[in-house]
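Below you'll find the structure, written out as structure tokens, and then a few comments.
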């Protein structure tokens, strides 16, 4: 692991998720840019001191020098956005697979460089778009792919949060400090942080690609340096239209990600804060309620389900699904086998490139008087 030391929020989430299925163990880490903090963190995570590295260059070089059966297999990068690219590139150069938080890099150019490096090395990069790994999201995607709703006509996705309703970055909130700092977060705040989740989920479930957008991007809280709110009109490659709303100043909201997709024959609705339920809507029949863990669900939904129906599976389990599928893919490859369709169902470097393209296109559109922008990569 790179980053994710003892006081970091997301590092603990990754370690719990990676451990759930018993396929992955924490082997070593450079957990902080501060060498002492890194070593202290590793000890708290029950690693021997020899596996608590003072920096990620030291970790990669040392691990690469020892016999293959004794070294790390992949690295998870859980640093702020500005510190994604360098360790990811170095890991790939040393021959290690990569799991990395979103957005993948600080810029689209960096994302393209990573994509080229992945292509050159033949290694695998998993991008942690967590929400695409919920069982009922898998079910929704399969029903759309099976044409149960006919041609998709409209996609509506929203991600409101309220945690940045005040100038939290001036009040000592560590998460707010770096997420609202252009030097650490990039050119976008809200749209880079949660807007990318919304756009990825829209494309993942619908099977469509955004081709045009028209964005209204706002800095609502006075004194903030990056956007904290925005609305985006979308056009998709089959002619469908959509609306994407992301806001971190929606007072009182938690992580209220919702998506609705409508086709010729019917539609669906999924709420992240009620993740075990998928609503399926028909024009000539009552709304159906699909629930996680039941035998009527698709193979992909069941493959990503762990508990009997009625037992909530949420954020940690969705994170774990990414790690499980990634690990099973690596194991299959190491055994000379072809990974199954379910195993390779996780976001990749291509999703990372599209995420960075979304950010740059949205910000460019928001600054322009032009109505529609082509989605350029």
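The values are calculated or read from the model by the stated rules, or taken from the named source; none is laboratory data. What you see is a predicted model, and the numbers here were worked out from it, not measured in a lab. For neighbour counting, all protein chains shown are included, and Cβ atoms are generated from backbone atoms with ideal geometry for every residue, glycine included.
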Those residues of the stretch 320-340 which are more than 16 Å from the chain's Cα centre (by Cα) and either part of a helix (DSSP H, G or I) or modelled with pLDDT under 95 (or both), in sequence order: 327, 328, 329, 330, 331, 332, 333, 334
Strands (runs of 3 or more DSSP E) wholly inside the stretch 218-319 that include at least 2 residues being within 20 Å of residue 204 (Cβ to Cβ): 229-236, 241-247, 258-263, 267-271, 277-282
Where residue 186 falls short, out of the listed (1) crowded, with 23+ Cβ neighbours inside 10 Å; (2) closer than 24 Å to residue 135 by Cβ: (2)
Matching residues, the stretch 45-55, being part of a helix (DSSP H, G or I) and surrounded by 15 or more Cβ atoms within 10 Å (Cβ to Cβ): 51
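Just one of 93, 101, 109, 7 is at pLDDT below 95 and in contact with a helix residue (DSSP H, G or I) (Cβ under 9 Å, 6 or more places away or on another chain); which is it? Even if it seems obvious, please write down each step before you answer.
Numbers: 93 fails: at pLDDT below 95; 101 fails: at pLDDT below 95; 109 fails: at pLDDT below 95.
When all the criteria are applied, what remains is 7.
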Complete set of residues in the stretch 56-78 that are touching a helix residue (DSSP H, G or I) at 6+ places or on another chain (Cβ under 7 Å) and either part of a loop (DSSP other than H, G, I, E, B) or surrounded by fewer than 18 Cβ atoms within 10 Å (Cβ to Cβ) (or both): 57, 71, 72, 73
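Among 242, 310, 314, 267, which is the only one that is modelled with pLDDT under 95 and on the phi < 0 side of the Ramachandran plot?
Testing whether each residue is modelled with pLDDT under 95 and on the phi < 0 side of the Ramachandran plot leaves just 314.
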Residue in the stretch 6-15 that is within 23 Å of residue 324 (Cα to Cα), in a loop (DSSP other than H, G, I, E, B) and in contact (Cβ under 8 Å) with a residue 60 or more places away in the chain present: yes
Residue list for the stretch 29-44, filter: surrounded by fewer than 20 Cβ atoms within 10 Å (Cβ to Cβ) and within 14 Å of residue 15 (Cβ to Cβ): 44
Residue 98 being within 14 Å of the chain's Cα centre (by Cα) and over 19 Å from residue 200 (Cα atoms): yes
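Report, by residue number, each residue of the stretch 124-157 that is outside any helix (DSSP H, G or I) and crowded, with 19+ Cβ neighbours inside 10 Å.
Residues satisfying the conditions are 124, 125, 126, 127, 128, 129, 134, 149, 152, 155, 157.
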Filter pass, residue 149 being assigned by TED's automatic domain parsing to the domain that holds residue 229, touching a strand residue (DSSP E or B) at 6+ places or on another chain (Cβ under 8 Å) and farther than 27 Å from residue 255 by Cα: yes
Residue ID - farthest from the chain's Cα centre (by Cα), chosen from residues in the stretch 163-183 that are over 19 Å from residue 11 (Cβ atoms) and assigned to a helix (DSSP H, G or I): 170
